[in-house]
Every structure is written in C-alpha cells, then in structure tokens.
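One structure below.
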Amino acid sequence: MMYSVRITDLEKKFKNGRKIFSGLNLELEEASLTALVGASGEGKTTLLNVIGLLDTDYAGQVELFGQKASELNQAEMARLRNQQIGFILQEPLLIKNMNVRDNILLPTVYLDKGLRKSKDYYLKRAEKLAEQLGVSQVLSQKPATLSGGQKQRVTAIRALINEFWRMSQPDRWMKKTRKSS
Ligand SMILES: Nc1ncnc2c1ncn2[C@@H]1O[C@H](COP(=O)(O)OP(=O)(O)O)[C@@H](O)[C@H]1O
Ligand SMILES: [Mg+2]
C-alpha cells in the first residue's frame, strides 16, 4: 500500500501551552480523496499546516510520499511543496502587483529545470483551467479587481498548475532531489 500521508502519534503544542493533538494517527492512501471535517477551532488548519510542511514544530512522525518530514532540509521541503502539494488557503493570497495570469504561473517558475515544460505549455494549461473554472476574462487583471469567489478560483488554478508528477514513485523523486540539491 502506498500512502501519500502517514502520521504517527502527532502531538502539537502551541507556544502559549495549548495542546491540540495527542496521539493522532492518520493514513491517506495515494490517489484517494479525503475531506477533513470538523467544527471551527477543532484543528483542521493546524493539521493541514503540518501535512503541507508549513509547520514543523510538533512531536510525532509525519511521512509524505514515503519520506520522513523530519529528514527533509528546507530546500527539500520547498521542492516537495512546489511539486507535490497544492494549497488553496482560506485567505486567497495572491501577489498584488502581478496580474492573475502571472500569479497562476508563479509555481512553474520554481520547478526544477528538468521538470519544467515550456512557458507556452503552462500558459495554455492556465488558460484551459481558467476556462473550466470560469475566470478566463480576468487573466490580465490585477487580483484587487476580482471578486472573492474569482480570487478563490484563481488560487485553485495556481494550486493545480504544476502537474503532480510521480506521486507513485517517491524513491525516484528522492534520488532526483538529492542529485540536484
Ligand atoms: N498559534 C496559535 N496559538 C495558540 N492556539 C492556536 C494557534 N493557532 C490555532 N490555535 C488554536 O488551536 C485550535 C485549532 O485551530 P485551527 O486549526 O485553526 O482550527 P480550524 O481550522 O479547525 O478551525 C483553535 O482552538 C485555535 O484557537
Ligand atoms: Mg481553519
């Protein structure tokens, strides 16, 4: 069985002493769809921050695509976020002085050279996704001129622009990472 996420005995304590998880275990199979549901304040965002490698201040073990999070350095974490994780935040954080199109294309800029396809390829992909989500008309606009829903859809496209490659081959992913870092 391949897991995209495997968490063992997670415990999270905030700086103010508030403890939120203790002994949390979670296994998510590859290529599965999971909804994390809970009342406000129950820890959804906290857990996603751990899974998304945005928060590394916890006890317990977190494995992503077969790799222990604790064994990844900053560059490896950044690479994993860029290539394997798509985040749609509650707040649609878009870069103000870039138009929507360039915001969407930003994650492709940070792809390893060997993985990056042509700018034209991503442009076409962005346009196709924009069409599917009904935001084609706003691609040349600045984020500030969009409605809340349009901003959310743009952040969804940004999260999808890099194809998640090799989800099923973490060993090869890791070798590539080590070589190029
Ligand atoms: N930085 C923090 N310091 C202290 N407590 C926090 C912090 N962030 C979140 N919490 C608390 O942890 C709990 C879970 O928060 P959160 O994960 O944001 O909930 P959810 O996303 O499920 O609404 C809440 O009770 C919240 O007040
Ligand atoms: Mg939340």
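The values are calculated or read from the model by the stated rules, or taken from the named source; none is laboratory data. Predicted model, so just to flag it, every value in this text is computed and none were measured. Because the Cβ atoms are built from the backbone with ideal geometry, glycine has one as well, and the counts that use them run over all protein chains shown.
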- Matching option when the condition is more than 16 Å from ligand 2 (Cβ to nearest atom) and more than 18 Å from the chain's Cα centre (by Cα), among ALA75, ALA59: ALA59
- Item | Enumeration of residues in the range 82-112 that are modelled with pLDDT of 90 or more, part of a helix (DSSP H, G or I) and more than 20 Å from LEU133 (Cα to Cα) | ASN82, VAL109
- Item | Output for the range 10-21, where each listed residue is assigned to a strand (DSSP E or B) and either within 16 Å of ligand 2 (Cβ to nearest atom) or not assigned by TED's automatic domain parsing to the domain that holds GLY41 (or both) | LYS12, ILE20, PHE21
- ASP120 fails exactly one of the following numbered conditions: (1) assigned to a helix (DSSP H, G or I); (2) surrounded by 13 or more Cβ atoms within 10 Å (Cβ to Cβ). What is the number of that condition? (2)
- Note on the structure: When ILE7 is run through (1) in contact with a strand residue (DSSP E or B) (Cβ under 7 Å, 6 or more places away or on another chain); (2) in a helix (DSSP H, G or I), the failure sits at (2)
- Tell me, yes or no, whether the range 19-39 has at least one residue that is under 23 Å from GLY86 (Cα atoms) and among the aromatic types (Phe, Trp, Tyr). no
- Query: So how many residues does the range 40-67 have that are within 16 Å of ligand 1 (Cβ to nearest atom), among the polar types (S, T, N, Q) and more than 20 Å from ASN82 (Cβ to Cβ)?
  - Reply: 3
- Message: Residues that are modelled with pLDDT of 95 or more, assigned to a helix (DSSP H, G or I) and of a type in the set (D, E, K, R): does the range 53-69 have at least one?
- Response: no
- Task: Might you check whether a residue that is in contact (Cβ under 8 Å) with a residue 12 or more places away in the chain, in a loop (DSSP other than H, G, I, E, B) and closer than 26 Å to ARG158 by Cβ occurs anywhere in the range 34-47?
- Result: yes
- Message: Condition check: surrounded by 14 or more Cβ atoms within 10 Å (Cβ to Cβ) and in contact with an Asp or Glu (Cβ under 8 Å, 6 or more places away or on another chain). Does GLY66 satisfy that?
- Response: yes
- Residue count, the range 16-39, condition within 6 Å of ligand 1 (Cβ to nearest atom) and either basic (Lys, Arg) or loosely packed, with under 12 Cβ neighbours inside 10 Å (or both), comes to 3
